[in-house]
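Only the coordinates and a few stated rules stand behind these numbers; no lab work does. Quantities reported herein were computed from a predicted structural model and do not represent experimental measurements. No Cβ is skipped: glycine too gets one built from the backbone with ideal geometry, and neighbour counts run over all protein chains shown.
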Amino acid sequence: MKGEKAMRDGESNVLSSVLDEFRRGDPATFNAAFETLFHVHQRAVYSWVLRIVRNPSAAEDLTVETFWRIYRAHARFDPSRGFEPWARTIATHTALDWLSTQRPETELLIDVAAPPASDPAISAEIRGKTAAAFSRLPPKLRIAAVLAVVEELPHKEVAAALSISITAVKVRVFRALRLLREDLQRQGITP
Amino acid sequence: MNAHEEDRIKQLFKQAMPPAGDTEPERDLWPAMLRRLDARPAPVPWFDWALAGGLALFAVVFPASIPVFLYYL
């Protein structure tokens, strides 16, 4: 137990010094610090981006783009806020930029490593139409809805990632669900 | 939209879009990151330089135009 705690403290100290080197941007240590941070956080950033864009190939590209933005913005990093929340905010905005360039219904919306839908009353056709209606939502509403409703993340976490208030998250989710219902009704589906 | 409709839409939404959960990339992305870091920034097209030069020259010849330019920025 003591050994594990000492190891965790040691790792924490190492990461703390890496974050300090990253923020300072000293040419002698910056690149090594950035590489360490990349390897420690690439999985978390990829996973976060994938939750938003739901396209593994795009998520890989956007993870690299996120770290590119992190690389350039190192001087603005605030150690008191923590690296992961900061990276998550940048990743969310990177994903939002990407979604804004995509045409509705042309991007891949795939079921990422998820169990098959369990409700037999909801047919594949309805699920397909719902996914298509979702892709037609404005990107800002899509992100709030997918993170809060599908991924069931706390509103506080979604608000931090989107740099908006919790109330704004609730409003966006509500608007997204209302637009989704209207779109489905136009297609003859009454939820 | 009442609470029942909202719940129904949420259920439909979750069925159509299952959670992605905690997934890791299929490959290490560091080589792609290195390529991104090594990529040279896109060169500025010659006509952008010409436009900037023309504007600078115009501002030198007609200094009174500077506030007008700033207003429209």
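What are the semi-axes of the equivalent ellipsoid for the protein assembly as shown, taken as the square roots of 5 times the Cα gyration tensor eigenvalues, largest first, in whole Å? Please list the in-between numbers first.
Numbers: eigenvalues 288, 185, 62 Å².
Gyration-tensor ellipsoid for the protein assembly as shown: 38, 30, 18 Å.
In the protein assembly as shown, how many lysine pairs have Cα atoms under 17 Å apart, counting only pairs 8 or more places apart or on different chains?
6
If you line up the long axis of helix B:3-16 against the longest principal axis of chain B, both from Cα atoms, how many degrees apart are they, to the nearest 10?
Computed tilt is about 80 degrees.
With N set to the residue count of chain B, report its C-alpha Rg divided by 2.2 N^0.38 Å to two decimal places.
On the way: Rg = 27.2 Å, N = 73, 2.2 N^0.38 = 11.2 Å.
The reported ratio for this selection is 2.42.
Provide the packing ranking of B:59-69, A:163-173, i.e. peptides ordered by the mean count of other C-beta atoms within 10 Å per residue, highest first. Before the final figure, lay out the partial values.
Numbers: B:59-69: 9.9, A:163-173: 15.9.
Output ranking for B:59-69, A:163-173: A:163-173, B:59-69.
At most 14 other Cβ atoms within 10 Å and a DSSP loop assignment: could you name the GluC sites (Glu not before Pro) in the range A:146-191 that fit? Intermediate results must be reported in sequence, preceding the final value.
On the way: sites: A:Glu151, A:Glu152, A:Glu157, A:Glu182; in loops: A:Glu151, A:Glu152.
Answer by residue number: A:Glu152.
Using alpha carbons only, how many degrees (0 to 90, rounded to 10) separate the axis of helix B:46-61 from the longest principal axis of chain B?
50 degrees
Evaluate peptide A:39-46: per residue, the Cβ atoms of other protein chains within 10 Å of its Cβ; return the mean as an integer.
Numbers: counts 4, 0, 0, 6, 5, 2, 2, 6.
Mean number of neighbouring Cβ atoms from other chains: 3.
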